[in-house]
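Since the structure comes first, as structure tokens, the remarks are kept for the end.
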Amino acid sequence: MLNQEFKVPAKLKTTSMVLLGIGVVTLIAGVATMLLGKEQLEQNRFWSVLLQNSIFFLLISLASVFILSATTLAQGAWIVSFRRIPEAIGSVVWVFATIAGIVLLTLVWTDNFHIYAWLQDGYNPHNSLNALKNFFLSKSFFTIWTVVVLVLWSWFGIKIRQLSVRQDSEAKGSTKTYWQNFNISAGFIFVFALSLASTIPWLWIMSLDSHWFSTMFSWYTFASSFVSGMSMIMLWILYTKRHGYLEIVSTEHVHDVGKFMFAFSIFWTYLWFSQFMLIWYANIPEETVYFQIRMHGPYRIFYWLNIILNFVCPILILMPRPNKRNYFVVTLVAIIILVGHWIDFYQMVMPATVQEHWKIGWFDLGIVCGFVGLVMYLVSNKLTKAPLVPQNNPLLKETIIHIA
Amino acid sequence: MSIKKFAVAAYDDEAVLFPAVKKIRSSGYKIHDVYTPFAVHGLDEALGEKESDLHIAGFIYGITGTSTALGFMSWIFTTDWPQNFGGKPHFPLPAFIPITFELTVLFSAVGMVLTFCYLCQIMPGVKKHIFHPRQTDDKFVLVIEVNDSNAAETEAFLKATGAEETNIQIAESDWWYGRFDKKEDYEIQQQLA
């Protein structure tokens with residue numbers, strides 16, 4: 001008999017609560033000492049840390065919705081055995097969307113031009129932004145598009161799980177809900193292409209350096225969030241397996257997720273390098289200014305950590321087949337990737353907002369703890385709400401006998 | 001190059017083949033090879049085959065490509081013929097990366113294809129004995145090497161594992177270069193007839 005009902009282990013519950021507590025306390029302390037303080041730099045740091053973390057955790061949980069949609073459309077059977085994990089992560093996207101939405105809209109509606117410089121530029125008739133960019137980087141467009149996208153992401157995340165859970169109680173062999181989910185997934189891919197894969201990273205992150213632009217930027221952000229999202233799914237699979245759940249998930253399925261981590265680390269490097277090399281080769285001052293501070297300035301260490309943690313480590317460690325099938329090694333690499341891409345987001349945001357005065361202090365770590373605790377708490381709670389095996393999925397047999 | 005005697009069994013379905021392979025191996029027979037019309041997942045594990053080292057060869061070829069490209073380009077642009085392109089340094093590493101990548105892929109791809117051909121003993125013109133004309137069509141053909149004393153017994157055992165057809169063949173166990181109807185092969189068939 002399969003162990004279908006996930007019960008949150010007491011240790012996970014306490015850990016998540018403690019982390020969440022640390023996060024809340026840090027936030028309050030941050031408001032008291034940094035936001036309400038007199039120093040502009042500290043206020044900037046406060047907002048940048050919130051911005052970076054809320055976007056990072058929103059995007060890596062959104063990656064679960066993406067992988068679900070993509071595999072549903074491709075009718076991939078391998079993911080069905082642990083489908084409930086990305087579904088659980090996807091269905092709590094709305095929480096992270098709310099947090100990110102609050103942070104983003106507060107920044108825009110309080111005219112915080114220390115973070116989004118275009119808020120000031122936009123008022124200046126002699127600014128160098130062209131007309132279309134003036135429209136794109138306007139308060140109204142930013143607000144409308146952000147809200148629309150956040151609502152759509154949350155809705156799709158909830159809907160995909162809802163349909164999958166509904167299938168459990170349907171008659172055996174009925175595929176109506178399955179095809180409904182297929183159509184919903186197609187819809188999500190369309191929304192995803194127009195939001196995360198193109199406009200949203202430009203709007204939220206790239207506009208921090210409002211005079212700099214790169215068309216590769218969204219794809220590069222997508223790759224970053226997707227590979228960390230897969231790592232997060234991997235950590236959840238291994239955690240639940242370790243506690244005696246998900247018996248039908250075998251080394252073959254873990255191997256497949258490992259392949260995703262491996263392949264998309266290379267994909268991320270490809271995009272990161274494509275963006276870098278074109279700018280480096282063309283050597284136009286308004287473009288190279290972006291890399292000036294990151295490569296030669298105070299952010300040099302993150303620039304190299306980025307390459308080492310996100311490219312060298314995954315490619316060398318995950319290349320041999322036995323390593324992708326070793327639970328300890330993939331856990332290690334998943335953590336490396338998550339830390340690495342957190343650093344990637346850090347160096348996307350910080351140079352534009354706090355310039356050379358970066359420091360990773362108590363506030364950064366506290367906020368990260370809070371978000372990690374939130375992920376642990378929400379996802380583990382969601383996992384208890386539905387059986388861990390989608391029994392009526394037409395691909396269930398195929399997923400059990402799956403060989404990587 | 002050696003002529004050997006083989007017991008050959010042809011199965012209709014991989015669902016019959018898998019239990020048969022298990023039974024044959026647990027009874028102590030050594031399977032020479034299995035020929036299937038398509039790649040059967042899990043068959044290599046069932047046969048007790050070790051994981052192929054082809055990917056390690058691939059990694060070595062790739063690394064060779066990387067160092068060839070990087071080494072050659074840096075030697076040209078720093079030592080042999082330094083030139084200034086668009087004000088770039090004489091060792092413009094980012095500009096070398098695409099070519100390094102291409103050469104890595106080229107070396108590992110070509111090297112792995114050749115190694116694969118060598119390991120599987122396939123090449124244009126290289127011939128191997130075909131045990132069953134339908135082994136690439138719809139039959140799963142299992143071959144065991146036998147000698148004169150245990151041939152009949154092995155064939156009976158194979159029949160008992162659910163084989164559709166069984167027979168004894170004397171054949172070249174290695175590959176040869178040339179035509180299928182080469183003299184030795186022809187003589188073997190005559191002996192058998």
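All of the numbers you see were taken from the coordinates with simple rules; none came from a lab. Just so you know, these numbers come straight off a predicted model, no measurement behind them. Virtual Cβ from ideal backbone geometry, glycine too; neighbours counted across all protein chains shown.
Spatially, the range A:377-401 and the range B:56-102 are offset by 49 Å when compared through their Cα centroids. Would the range A:164-254 count as rounded, prolate or oblate if I go by the C-alpha gyration tensor, calling it rounded below 1.5 in a/c and otherwise prolate when a/b exceeds b/c, oblate otherwise? Verdict is oblate for the range A:164-254. Note on B:ARG134/A:LYS176: beta-carbon distance plugged into 1/(1 + (r/R0)^6) with R0 of 51 Å gives a FRET efficiency of 0.75.
A cut-off under 14 angstrom between Cβ atoms defines the neighbours of A:GLU398, and their net charge, with Lys, Arg +1 and Asp, Glu -1, is 0. Give the separation of the Cα centroids, the range A:176-237 to the range A:305-329, in Å. The distance from the Cα centre of the range A:176-237 to that of the range A:305-329 comes to 23 Å.
Listed by chain and number, the aspartates and glutamates whose alpha-carbon sits under 17 Å from that of B:LYS127, ignoring those within fewer than 8 places in the same chain, are B:ASP33, B:GLU172, B:ASP174, B:ASP181, B:GLU184, B:ASP185, B:GLU187. Take every Cα pair under 8 Å whose residues are at least 6 apart in sequence, average their separation, divide by the length of the range A:146-293, and the relative contact order is 21 percent. The angle between the Cα long axis of helix B:54-75 and the main principal axis of chain B comes to about 20°, on a 0 to 90 degree scale. Taking the longest Cα principal axis of chain A as reference, the axis of helix A:362-384 is set at about 30 degrees. For the range A:1-98, the square roots of the Cα gyration tensor eigenvalues, ordered a ≥ b ≥ c, give a/c of at least 1.5 with a/b no greater than b/c, which places it in the oblate category. Inter-chain Cβ neighbour count for B:51-57, averaged per residue, equals 1 (cutoff 10 Å, partner chain atoms only). Using a cutoff of 8 angstrom between alpha carbon atoms and counting only pairs six or more residues apart, the relative contact order for chain A works out to 33 percent.
Average projection, convex hull of the Cα set of the range B:49-159: 12.4 square nanometres.
In this structure, the residue pairs whose Cα-Cα separation is over 32 Å, taken from A:LYS241/B:LYS30; A:LYS172/B:LYS23; A:LYS324/B:LYS22; A:LYS13/B:LYS50, are A:LYS241/B:LYS30; A:LYS172/B:LYS23; A:LYS13/B:LYS50.
If only the Cβ of Lys and Arg carry +1 and only the Cβ of Asp and Glu carry -1, the dipole of the protein assembly as shown around its Cα centre is close to 1620 debye.
Under 5 Å from the amide H of A:ALA117 lie the amide H atoms of A:SER210, each residue being 5 or more positions distant or on a separate chain, with H modelled from the backbone and absent for Pro and chain starts. Note on chain A: dipole from Cβ charges, positive end direction compared against A:ALA88, A:MET350, A:ILE284; the farthest Cα belongs to A:ALA88.
Of A:LEU35, A:GLY76, A:VAL379, which is farthest along the charge dipole of the range A:20-400 in the positive direction, counting Lys and Arg as +1 and Asp and Glu as -1 at C-beta? Final value for the positive-end residue is A:GLY76. Note that the range A:332-338 has calculated 3J(HN,Hα) couplings of 4, 5, 4, 5, 4, 5, 4 Hz, one per residue in order, obtained from phi through the Karplus relation 6.51 cos²θ - 1.76 cosθ + 1.60 (θ = phi - 60°); glycine and proline are x.
Straight-line reach from B:LYS88: taking Cα to Cα under 17 Å and skipping same-chain neighbours fewer than 8 places apart, no lysines fall in range. Shape of chain A from the C-alpha gyration tensor: prolate (a/c of 1.5 or more and a/b above b/c, with a ≥ b ≥ c the square roots of its eigenvalues). Axis of helix B:93-120 versus longest Cα principal axis of chain B: the two differ by about 20°, to the nearest ten degrees. The alpha-carbon of A:LYS176 sits under 22 angstrom from the alpha-carbons of these lysines, leaving out residues fewer than 8 places away in its chain: A:LYS159, A:LYS397.
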